[in-house]
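The values are calculated or read from the model by the stated rules, or taken from the named source; none is laboratory data. Remember, it's a predicted structure, so these values are computed and weren't measured experimentally. Cβ placement follows ideal geometry from the backbone for every residue including glycine, while neighbour counts extend to all protein chains displayed.
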Amino acid sequence: MTSTSAESPVRTRTRRAILAAASTALARNRTATLAEIAEAAQVGRTTVHRYFADRDELVKAAVADSIRVISESTLDAKLDQGPPKEAMRRLITAMVDTYERMMFIWGEPAMLELIDEADNPDDADQAVRGLIARGQSEGVFDPDVSVDWIQQTLWALTYTGGEAGAKGQLPRHGVAAVVIRTFERGIAVG
């Protein structure tokens, strides 16, 4: 079963818990078994099988769900509101909060092949690019580098910060602040 539209609230919560656990478990160990994913989701393996026929179906659904979570988190940061610097701070915080989802997708090139363009709306990407362009036009972000460069730098810093938090090199509650500070000092004008 892949559609959540006709599911009960309990089934929807269970499905989302399985997908979140799958993305976390697979980000940490690409060979995690269905039993390990079920344990991480705090459900039985048979419960996982009621929602997903096999591991491949679960992985594909976890990729689509992770894209959804990252996109929703980005859009919830309201990047078109307030000064660009404040909006960027909200974005970085939102991105750090979805680090494990990002690690799951972008930590393994094979996962990128599973992204269905229909499940990957580019509203969030356009919002990020719009924020960067707005910040450049207002003199907050360096106008001498491309929007692409700033966006890729943002992703790299967030990924690296999340990884440092996961490894205990940074306190998890401090990752967003370190990423924000590094990002702002790296793209400041003047």
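Data overview
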quantity	calculated
Residue match in region 168-183 (condition: under 16 Å from the mean Cα position of the chain (by Cα), of a type outside the set (A, V, I, L, M) and surrounded by fewer than 17 Cβ atoms within 10 Å (Cβ to Cβ))	yes
Failed condition for Ala164, given (1) of a type in the set (A, V, I, L, M); (2) within 20 Å of Ile70 (Cβ to Cβ); (3) in contact with a Lys or Arg (Cβ under 7 Å, 6 or more places away or on another chain)	(3)
Qualifying positions in region 48-70 - in a helix (DSSP H, G or I), within 17 Å of Thr12 (Cβ to Cβ) and not charged (D, E, K, R)	Val48, Tyr51, Leu58, Ala61, Ala62, Ala64, Ser66, Val69
From the options Leu79, Leu154, Leu170, residue that is of a type in the set (A, V, I, L, M, F, W, C), within 26 Å of Ala21 (Cα to Cα) and not in a helix (DSSP H, G or I)	Leu170
Number of positions in region 147-190 that are touching a residue at least 60 places away in the same chain (Cβ under 8 Å) and either in contact with a strand residue (DSSP E or B) (Cβ under 7 Å, 6 or more places away or on another chain) or over 14 Å from Tyr99 (Cα atoms) (or both)	3
Only listed residue being of a type in the set (A, V, I, L, M, F, W, C), under 24 Å from Thr24 (Cα atoms), at pLDDT 95 or above and over 11 Å from the mean Cα position of the chain (by Cα), chosen from Ala87, Ala77, Ala118	Ala77
Test: residue in region 102-116 that is of a type in the set (Asp, Glu), in contact with a Ser or Thr (Cβ under 6 Å, 6 or more places away or on another chain) and either part of a helix (DSSP H, G or I) or surrounded by 14 or more Cβ atoms within 10 Å (Cβ to Cβ) (or both)	no
Residues of region 44-82 that turn out to be closer than 21 Å to Asp125 by Cα, among the acidic types (Asp, Glu) and surrounded by fewer than 16 Cβ atoms within 10 Å (Cβ to Cβ), as a count	3
Residue check, Asp97 of a type in the set (Asp, Glu) and either free of Cβ contacts under 8 Å to residues at least 24 places away in the same chain or loosely packed, with under 14 Cβ neighbours inside 10 Å (or both)	no
In region 134-146, the residues that are aliphatic (A, V, I, L, M) and in contact with a strand residue (DSSP E or B) (Cβ under 9 Å, 6 or more places away or on another chain)	Val140
Odd one out for Asp123 among (1) within 16 Å of Ala20 (Cα to Cα); (2) touching a Leu at 6+ places or on another chain (Cβ under 8 Å)	(1)
Selection within region 133-146 - of a type outside the set (Ser, Thr, Tyr), free of Cβ contacts under 8 Å to residues at least 40 places away in the same chain and under 14 Å from Lys85 (Cα atoms)	Ala133, Gln136
